[in-house]
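A quick write-up on the structure given underneath.
The values are calculated or read from the model by the stated rules, or taken from the named source; none is laboratory data. Computed from a predicted structure; not experimentally measured. Don't worry about glycine lacking a Cβ; one is built from the backbone with ideal geometry, like all the others, and counts go over all protein chains shown. The protein model used for the area step is the full one, side chains on, heavy atoms only, and it has no ligands, DNA or RNA in it. Shrake-Rupley method; radii C 1.70, N 1.55, O 1.52, S 1.80 Å.
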Amino acid sequence: MTSLLLRPHPAAAPATVADVVQWFGAMQAQDLASGMWSLGVRLPGHDHAAVHAALERREALRTWPMRGTVHLVPPRDARWMLELTGVRSLAGAATRRAQLGLSEADAERAVEVLGGALAGGGRLTRAECLAALEAAGIGTSGQRGYHLLWYASVRGVTCLAPNVGTEQTFALLDEWAPRPHRLDRDEALAVLAHRYVQGHGPTTDREFAGWTGLTLTDARRGLAAAGDTLAEVRVDGTAMVVDAALLDAPRAPLGDLLALPGFDEYLLGYKDRSLMLDPAHKDAIVPGGNGVFQATIVRDGRVVGTWKRTVGRSAVTVTVRPLVPLTAERARVERALTGYADFLGLPLRVDWPA
């Protein structure tokens, strides 16, 4: 949890959205509301408006850098990340296009149309982007529109800009992040490996490969290239790597109780979640194995409950589902959830099971 910046880190004290996103390298943000709270929970004192303002200042942007999933990334790193890991998700694009009745020419034409529509600092809503494609004779019904918007972003032409109200918006990557870092492949592997481990360690080469979508060979190459910024440890007999700065960190008792969003790096950053989640509770976190993660209550690093929120105009109502007995800790749970309500600027109502 120290590595995941849910507790103080001996070598880092992130104070801004940019600090947190750069620390992680990339943060899951397919679900925007979850992504906003993933930042808010790590930045006490920042409410939703403050995080949104930081994204408007371009402290971070959203795109599809790996695994075909939207993440928050540092703007200056977006292009090399797309070139290193994002392009791997293009491998199945032709098959998906065939399923959708789209040709490669359709996809390339869509990139051209969107690039032209957004040129000159333009910013269009999702609906406006789809309308531009339709006007150019490119059908967007069904999942075609989503595929073409994804394709243009993975190609490094567009990116997701902050919402305007509830409307998703797009901009040109070159205009939203005009001074990109340029890294060669080995440098990029080393930077990404270091950031993943400092943000998620202790972890393994296989977890790094799974998170990035890289081959295991490239994952190991990146970890080796990160050099002495990382250190090897053993966890229950398994070789893992951590941020070297943690080796001499004080081993203070945890005692934390946190309310995390469902799509948070705390669970999404790994394939093997046994360190933080009892396997018996897996179905409660991802009901039906459908990839939709429930928001979690985390105590001393372990998931002990889930929560669902209903946001109204006058309050946010949260329903808590304990996975272990929490009767004696209701006050602590409600304090953690109050942090979320404060983030939204709304009073909190909590419903517990009878």
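Which ones in region 102-117 are of a type outside the set (Asp, Glu), farther than 16 Å from Glu175 by Cβ and touching a residue at least 12 places away in the same chain (Cβ under 8 Å)? Leu102, Ala107, Arg109, Ala110, Val113, listed by residue number.
For region 323-352, which positions are of a type outside the set (A, V, I, L, M, F, W, C), open to solvent by 50 Å² or more (accessible area, probe 1.4 Å) and either more than 22 Å from Leu275 (Cα to Cα) or touching a helix residue (DSSP H, G or I) at 6+ places or on another chain (Cβ under 9 Å) (or both)? Across region 323-352, the qualifying residues are Thr327, Arg330, Arg332, Glu334, Arg335, Thr338, Asp342, Gly345, Pro347, Arg349, Asp351. Of all residues in region 249-281, those being surrounded by 21 or more Cβ atoms within 10 Å (Cβ to Cβ) and on the phi > 0 side of the Ramachandran plot number 0.
Residues in region 20-34 that are open to solvent by 20 Å² or more (accessible area, probe 1.4 Å) and either under 19 Å from Gly213 (Cβ atoms) or out of contact with any Phe, Trp or Tyr (no Cβ under 6 Å at 6 or more places or on another chain) (or both): Gln22, Trp23, Gln30, Leu32, Ala33. Name the residues in region 297-321 that are open to solvent by 50 Å² or more (accessible area, probe 1.4 Å) and farther than 16 Å from Val41 by Cβ, would you? Hits for region 297-321 are Asp300, Arg302, Lys308, Thr310, Val311, Arg313, Ser314, Arg321. Quick one: how many residues across region 52-68 are open to solvent by 30 Å² or more (accessible area, probe 1.4 Å) and at pLDDT below 95? Going through region 52-68 one residue at a time, the tally reaches 1. Looking across region 70-96 at every residue that is part of a helix (DSSP H, G or I) and farther than 20 Å from His181 by Cβ, the one that is least open to solvent (accessible area, probe 1.4 Å) is identified as Ala93. Could you check, for region 150-160, whether at least one of its residues is under 18 Å from Gln22 (Cα atoms) and surrounded by 14 or more Cβ atoms within 10 Å (Cβ to Cβ)? Scanning region 150-160 turns up at least one residue that is under 18 Å from Gln22 (Cα atoms) and surrounded by 14 or more Cβ atoms within 10 Å (Cβ to Cβ).
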